[in-house]
1. Looking only at the stretch B:222-246, how many residues end up being among the polar types (S, T, N, Q) and under 13 Å from the mean Cα position of the chain (by Cα)?
2. If a residue has to be within 13 Å of another protein chain (Cβ to nearest Cβ), assigned to a loop (DSSP other than H, G, I, E, B) and of a type in the set (A, V, I, L, M) to count, how many in the stretch A:87-134 make the cut?
3. If I ask for residues that are over 15 Å from B:Val179 (Cβ atoms) and among the aromatic types (Phe, Trp, Tyr), which ones from the stretch B:66-103 would you list?
4. Report whether or not A:Asp63 is in the same structural domain as A:Thr193 (by TED's automatic domain parsing), touching a strand residue (DSSP E or B) at 6+ places or on another chain (Cβ under 6 Å), more than 28 Å from A:Val206 (Cβ to Cβ) and surrounded by fewer than 21 Cβ atoms within 10 Å (Cβ to Cβ).
5. Where the second residue is part of a loop (DSSP other than H, G, I, E, B) and the first is farther than 23 Å from B:Glu158 by Cα and lies in the stretch B:85-99, which pairs have Cβ atoms under 6 Å and are six or more apart or on separate chains?
6. So, restricting to strands (runs of 3 or more DSSP E) that lie completely within the stretch A:272-362, which ones have at least 3 residues that are of a type in the set (D, E, K, R)?
Amino acid sequence: MADMTADKPLISLQNVNKHYGDYHALRGINLDIRQGEFFSLLGPSGCGKTTLLRTIAGFEDYDTGSVMISDRDMRGVPANKRPTNMVFQSYAIFPHLSVIENVAFGLRKASMSKSEKMRAAEAALEMVGLKGYGHRAAHALSGGQRQRVALARALVLKPKVLLLDEPLSALDRKMREQMQVELIKLQREVGITFILVTHDQEEALVMSDRIAVMFEGEIAQCDDPEVLYRKPNSKRVADFIGVMNFLPATVRKEGETYLAEIAGLGETEITEAQCPGGVPVGEATVGFRPETLTLLYEGQSATHREAPAVVDEVVYYGDMTYYDVRFEGVEKPVRISMRNIFGRDVLGVGTQVRVSWSPGALVVFDQSA
Amino acid sequence: MKSLKTYAILYLIFLYAPIFLLPLFAFNSSTIIAFPLESFTTEWFTELLTLSEMHGALLNSLKIAVTSAVLATTLGIFAAMAVSRYSFPGQKGIMGFIMLPLVLPEIIVAVSLLIVILRMGLDTGAWSVIAGHTLICTPFAIAILQSAFAALDPSLEEAAYDLGETPASTFRLVTLPLVMPGIISALLISFTISMDEFIIAFFLTGAEPTLPVYLFSMLRFPKLLPAVMALGTILVVLSILLITIAEFFRRRGAKRTGNDTGGFL
């Protein structure tokens with residue numbers, strides 16, 4: 001079934017623009033979301049991700065462009081007539097109704113008997129793990145339970161798209177991680193397209209099939225989590241997703257090859273594939289993730305290249321230790337993450353170390369990027 | 001610290017002692033309102049039952065109070081919704097004018113309304129008192145309802161709309177039940193204000209006096225004074241009861257929405 005619909009997106013946004021007075025909230029958004037996808041809109045607060053979600057839901061109008069859901073133009077179609085349902089950030093559980101009345105709320109106008117509606121609502125409650133909670137008062141539920149009721153209430157209508165506006169931000173860390181896994185499972189089970197809005201990059205990486213990173217009303221990059229993490233197309237995206245170290249470099253062309261002179265690391269050959277914005281001959285910035293670097297202990301030798309450094313700061317996390325080290329001649333420290341393998345000492349501040357790095361793990365950005 | 005405490009106590013005595021005198025003399029058998037007290041009697045309360053003019057005034061007052069309360073609360077719902085859900089140019093200024101009767105001397109309101117009505121060649125009566133009372137009750141209703149609407153999460157209405165309801169059915173199924181405690185509380189407060197309002201009623205009541213106006217006219221007959229005391233006692237008890245009920249509903253609503261924005265008590 002996925003193959004039949006793979007070439008045709010379920011949701012298609014073309015050149016969507018929106019202004020709030022002088023403020024350009026959405027800038028030329030182009031986006032295709034496939035049937036059954038877990039899609040995330042990720043960005044810092046104020047980047048327009050919630051506005052975009054509300055535009056798809058039908059709560060916000062847009063100035064130009066088009067929003068299509070299942071090949072149907074959504075212009076002028078109000079939220080109550082769209083095949084989308086929303087889980088609100090505050091959950092928006094009706095406090096004057098019981099749990100089951102909340103879940104069955106959307107079925108009011110459905111052409112089914114009262115007992116059928118109750119059965120559907122019960123089934124939805126069971127799906128989110130709240131079997132037997134139907135007759136509790138909604139205002140007496142905990143945060144996690146409200147979240148589940150909100151999910152059941154939206155899913156009972158079997159929408160084509162479920163929209164989730166920062167649904168986990170109000171939960172504590174443990175609960176949040178548990179709900180992340182449950183949401184992934186639930187999404188696979190029901191096969192409905194989920195669009196999640198979040199400012200938490202870790203959450204987006206964990207849950208999504210694809211992520212659109214937004215800054216200032218624009219989509220900066222839209223890719224699957226692994227590509228986004230390994231091959232960010234700009235310094236800004238790289239900085240937003242996980243931790244990325246940056247060092248200044250100079251790139252020059254010699255015959256058919258490109259050589260980068262990196263501060264503290266020395267010269268290395270780079271390929272065009274490592275430069276998402278094209279090879280920036282001249283001033284450039286190289287980025288690399290903390291886990292692509294390794295501290296070398298006595299007797300170990302580098303698999304690729306090595307450079308001398310001094311430990312500047314040590315952050316111990318139990319399973320991991322983060323070292324901030326300074327390469328020779330570089331003012332800015334670079335972060336290295338090391339797994340705390342049994343029998344390996346945690347090094348102290350000021351220790352002289354050798355750092356192993358591999359040229360293939362570098363991403364090269366335009367200086368201005 | 002100590003002097004502040006004394007001040008607070010004296011203040012409370014000054015405020016409430018006269019009210020405590022009311023039941024004291026209402027149950028006193030002497031027709032003269034003075035100490036020492038004579039003996040206990042409920043005679044004045046039974047005498048109330050025989051004053052048919054007073055019954056007319058009471059009925060008149062009830063009619064006016066109920067109508068004014070309903071009008072003020074209805075207007076209050078519209079105004080409170082307009083303020084909490086929309087923003088439009090001149091919003092603050094318009095709200096300022098609507099809330100102005102709260103600080104405007106009632107005598108000014110009463111005299112100006114009387115002049116307008118007479119100039120228009122109309123007769124005063126229950127309707128003109130209702131108009132005046134609606135005017136002074138509306139700001140109170142708005143103040144209560146505004147806190148009820150402010151406590152209402154706007155995404156609740158969006159959620160109902162998102163689940164397929166129309167704006168009208170969203171209002172009926174979600175907004176109205178959730179602000180209902182505020183509506184009841186606004187009705188009761190407006191009713192109480194109208195019930196014991198004197199100045200506007202005195203100027204605009206025409207031939208059919210309201211209860212406070214009737215009571216004022218009775219003060220000329222010392223013989224009837226103890227009965228007035230008895231009536232006053234009943235009114236005090238009823239007022240306290242109504243305000244308590246109003247506050248109970250407001251607090252219950254605040255507890256439900258989990259958002260207490262403070263009331264009058």
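1. Going through the stretch B:222-246 one residue at a time, the tally reaches 2.
2. Residues flagged as within 13 Å of another protein chain (Cβ to nearest Cβ), assigned to a loop (DSSP other than H, G, I, E, B) and of a type in the set (A, V, I, L, M) within the stretch A:87-134 amount to 5.
3. Those that are over 15 Å from B:Val179 (Cβ atoms) and among the aromatic types (Phe, Trp, Tyr): B:Tyr86, B:Phe88, B:Phe97.
4. yes
5. No pair meets every condition.
6. A:305-316
Per-residue answers, yes or no, for (1) within 14 Å of chain A (Cβ to nearest Cβ); (2) at pLDDT 90 or above; (3) under 13 Å from the mean Cα position of the chain (by Cα); (4) crowded, with 17+ Cβ neighbours inside 10 Å:
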site	(1), (2), (3), (4)
B:Gly125	no, no, no, no
B:Thr138	no, yes, yes, yes
B:Leu145	no, yes, no, yes
B:Asp196	no, no, yes, yes
B:Arg220	no, no, no, no
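Yes/no matrix, rows are residues, columns are (1) more than 22 Å from the chain's Cα centre (by Cα); (2) modelled with pLDDT of 85 or more:
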position	(1), (2)
B:Ala8	yes, yes
B:Pro18	no, no
B:Leu21	yes, no
B:Pro36	yes, no
B:Thr50	yes, no
B:Lys63	no, yes
B:Thr67	no, yes
B:Pro101	no, yes
B:Leu104	no, yes
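The values are calculated or read from the model by the stated rules, or taken from the named source; none is laboratory data. Because the structure is predicted, anything quoted here is derived from the model rather than measured. Note: ideal-geometry Cβ built from the backbone for every residue, glycine included; neighbour counts use all protein chains shown.
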